[in-house]
Amino acid sequence: MSKDMKNVNNWHWVDKNCINWAKSYFETELKDISAEANGSSVKTLAVTSVTGDADVNQRKGKIITIFDVAITLTFEGTTADGTAVTGKIDIPEVAHDTDIDDYVFDVVIDSDSSAKQPVRDLIRKNLAPILRKKLAAFADDLIKVHGKDVQVDSDFSKPSTPVSVSSGRSTPAPSAAKATTSGGVVNTTVLEESIEMQASAHDIYDVLLNQAKVAAWTRSGSSTIEAKVGAKFSFFGGNVSGEIKELVEDKKIVQSWRLGSWPAGHFSTVTMDISQGSNSTTIKFKQEGVPVGEQEITRQNWTHYYWTEIKRTFGYVGLSSSSSSHSMSNSAPSPSDKKKQKRRRRVAQKKNGGGGGAVGLYAGAGLAHDEEEQSPKKQIKLAKLKDLLPTPSITAAIPPNDAPLIPVLTLEDRKLPNSQR
């Protein structure tokens with residue numbers, strides 16, 4: 001197909017990260033809740049911690065919520081004989097797939113003693129049911145406030161325009177679709193990713209800012225950029241444009257960035273933190289201000305038209321690229337890591353309708369898949385495989401007419417010899 005398709009009939013998965021809103025919600029809803037019985041009283045003071053995930057999602061026209069958070073709040077109380085009591089209540093799991101009656105309230109009393117037991121009993125018997133009702137309203141309130149942001153218009157976007165180069169090769173411009181707006185305000189979300197490449201930090205910094213190298217990996221002599229704060233850039237025939245906002249040589253690049261079909265004047269902010277390790281360099285990528293409904297297409301544009309083309313052109317073949325970083329370690333995962341893994345499995349299962357495997361999302365000319373994150377064992381296996389690969393040869397690429405000749409690495413010599421297969 002030659003057209004990039006919009007989310008027709010709201011069929012494909014769209015999600016919005018609402019954890020910051022959830023924190024504010026709980027801080028408001030769980031504050032100043034009181035209970036009294038048998039002369040004792042207790043009142044919640046403040047929510048001191050909200051950690052976890054909270055998303056609103058749309059799939060096949062249905063809006064759902066996926067959340068799993070842990071909450072801590074403080075309280076004060078008084079027993080019938082006037083003993084003052086303070087402490088905290090830990091709610092370790094508030095989740096979309098956990099029954100409200102199964103929520104646990106762990107009460108921790110400061111300087112605990114038997115004299116303060118009546119307040120502990122009051123919290124469990126009288127205050128906890130009130131808190132359950134408050135927590136039960138969260139899912140509906142989340143949908144009421146944010147559900148409209150994941151409903152996407154079902155029109156078609158403009159087809160992408162191929163960019164011709166002198167070598168006869170062409171690379172289609174990145175996919176783009178009209179952003180969702182509400183009352184003239186663009187509802188946005190955030191993309192985060194970690195990209196690993198087999199190159200020095202200087203090489204990565206240079207390949208993203210050097211005019212000649214950019215012309216090579218974008219396959220377009222019309223691509224323009226300059227390594228200077230305040231300089232404008234334009235790639236893929238103007239489909240991608242922006243301005244350099246901050247530069248720290250070999251360490252950091254900050255840009256304003258937009259797709260040509262986004263609402264006029266709307267720019268996202270792209271931050272790339274470059275960190276060189278012993279064997280590779282990692283780009284910590286964060287893009288703030290992506291219009292809701294555009295995140296998957298935008299993520300795929302970065303993958304296919306930036307990272308893949310840079311690796312293909314210059315041979316910076318990376319070991320991994322994922323939405324969250326993983327280090328290879330022999331130590332056992334911590335309880336917090338296990339909980340994060342549990343949350344990720346729940347989200348993946350929810351998106352797949354309860355099944356396993358990757359989620360298929362249609363965007364552009366074919367199917368793109370959110371691949372499962374690689375396990376440490378698989379990463380180690382890949383690392384060993386890399387060590388077996390022969391040193392690639394150097395050849396000359398055919399650059400655009402106005403770009404200098406740039407040596408690039410071919411992938412042909414990366415095939416394993418028969419003896420090593």
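Structure summary
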{"item": "Failed item, numbered, when LEU122 is tested on (1) touching a strand residue (DSSP E or B) at 6+ places or on another chain (Cβ under 8 Å); (2) in contact (Cβ under 8 Å) with a residue 40 or more places away in the chain; (3) closer than 24 Å to ILE19 by Cβ", "result": "(3)"}
{"item": "Subset tally (residues that are crowded, with 19+ Cβ neighbours inside 10 Å and in a loop (DSSP other than H, G, I, E, B)) for the stretch 185-220", "result": "4"}
{"item": "Residue satisfying condition, being open to solvent by less than 10 Å² (accessible area, probe 1.4 Å), outside any loop (DSSP other than H, G, I, E, B) and at pLDDT below 95, within set ILE66, ILE71, ILE89", "result": "ILE66"}
{"item": "Considering residues of the stretch 262-296 that are assigned to a loop (DSSP other than H, G, I, E, B) and under 17 Å from GLN198 (Cβ atoms) only, the residue least open to solvent (accessible area, probe 1.4 Å)", "result": "SER280"}
{"item": "Which numbered condition ALA80 misses (of (1) farther than 17 Å from ILE33 by Cβ; (2) buried (at least 16 other Cβ atoms within 10 Å of the Cβ); (3) touching a residue at least 40 places away in the same chain (Cβ under 8 Å))", "result": "(2)"}
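Residues are listed down the side, and each one gets a yes or a no for (1) touching a residue at least 12 places away in the same chain (Cβ under 8 Å); (2) under 28 Å from VAL185 (Cα atoms); (3) among the hydrophobic types (A, V, I, L, M, F, W, C):
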{"position": "GLY230", "(1), (2), (3)": "yes, yes, no"}
{"position": "ILE244", "(1), (2), (3)": "yes, yes, yes"}
{"position": "LEU247", "(1), (2), (3)": "yes, no, yes"}
{"position": "ASP250", "(1), (2), (3)": "yes, no, no"}
{"position": "VAL254", "(1), (2), (3)": "yes, yes, yes"}
{"position": "SER268", "(1), (2), (3)": "yes, yes, no"}
{"position": "GLN276", "(1), (2), (3)": "yes, no, no"}
{"position": "THR282", "(1), (2), (3)": "yes, no, no"}
{"position": "LYS286", "(1), (2), (3)": "yes, yes, no"}
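Yes or no, residue by residue, for (1) buried (at least 18 other Cβ atoms within 10 Å of the Cβ); (2) among the hydrophobic types (A, V, I, L, M, F, W, C); (3) in a loop (DSSP other than H, G, I, E, B):
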site: LEU45; (1), (2), (3): no, yes, no
site: VAL104; (1), (2), (3): no, yes, yes
site: SER111; (1), (2), (3): no, no, yes
site: ARG124; (1), (2), (3): no, no, no
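The values are calculated or read from the model by the stated rules, or taken from the named source; none is laboratory data. Note that the coordinates shown come from a computational prediction; the quantities given were computed from them, not determined experimentally. Using ideal geometry, Cβ is built from the backbone for each residue, glycine included, and neighbour counts are taken over all protein chains shown. Areas reflect the complete protein model, heavy atoms only, side chains present, ligands, DNA and RNA absent. Shrake-Rupley method; radii C 1.70, N 1.55, O 1.52, S 1.80 Å.
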